[in-house]
Amino acid sequence: MVSNQKAHVIISGRVQGVFFRAETRRAAERIGVTGWVRNRPDGTVEAVFDGNPQAVKDAIAWCHRGSPMSKVEDLQVTWEESDGAFTDFSIR
C-alpha cells in the first residue's frame, strides 16, 4: 500500500483576486486531496495538499497552471510527512 504524502506549496505571481483559492479548492476536490489554501499578506498563495502521492502531484501540476485569470510565476514545494490531519479541502 502506498502511504499518503503532504506537500506545502507557495505560489507567486498574479494569484490573488483572480479566484485562485476557489479554483484550487475545486481542483483539489476533483483530484481527491485534502488540505487547505489561503492568501498570504505578501501577495502569494499558500496551500497544503495531502493524499495519494500521484493525486498530490496532480494538485501541484494544477497550481502551475492556476485559475483562468491567474499568472503563476513561481512555485515552491516542500514535501512533508502526511499526518492525516485533514478530512476535506478548505479555504482559510
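Going by the conditions given, is ALA7 in contact (Cβ under 8 Å) with a residue 60 or more places away in the chain, surrounded by 21 or more Cβ atoms within 10 Å (Cβ to Cβ) and assigned to a helix (DSSP H, G or I)? No; evaluated as a whole, the condition is false for this residue. Selection of the range 10-55 for residues being in a loop (DSSP other than H, G, I, E, B) and among the hydrophobic types (A, V, I, L, M, F, W, C) yields VAL15, VAL18, PHE19, VAL33. Each residue in the range 53-83 was checked for being surrounded by fewer than 12 Cβ atoms within 10 Å (Cβ to Cβ), of a type in the set (D, E, K, R) and without any contact (Cβ under 8 Å) to a residue 40 or more places away in the chain, and 1 of them qualify. Within the range 1-48, the set of residues being among the polar types (S, T, N, Q) and either modelled with pLDDT of 95 or more or out of contact with any Gly (no Cβ under 7 Å at 6 or more places or on another chain) (or both) comprises SER3, GLN5, SER12, GLN16, THR24, THR34, ASN39, THR44.
Based on this model, can you work out whether GLU80 counts as of a type in the set (Asp, Glu) and modelled with pLDDT under 95? Judged against the criteria, GLU80 is a match.
The values are calculated or read from the model by the stated rules, or taken from the named source; none is laboratory data. None of the values given here were measured: they were computed from a predicted structure. As a convention, Cβ positions derive from the backbone with ideal geometry for all residues, glycine included, and neighbour counts pool all protein chains shown.
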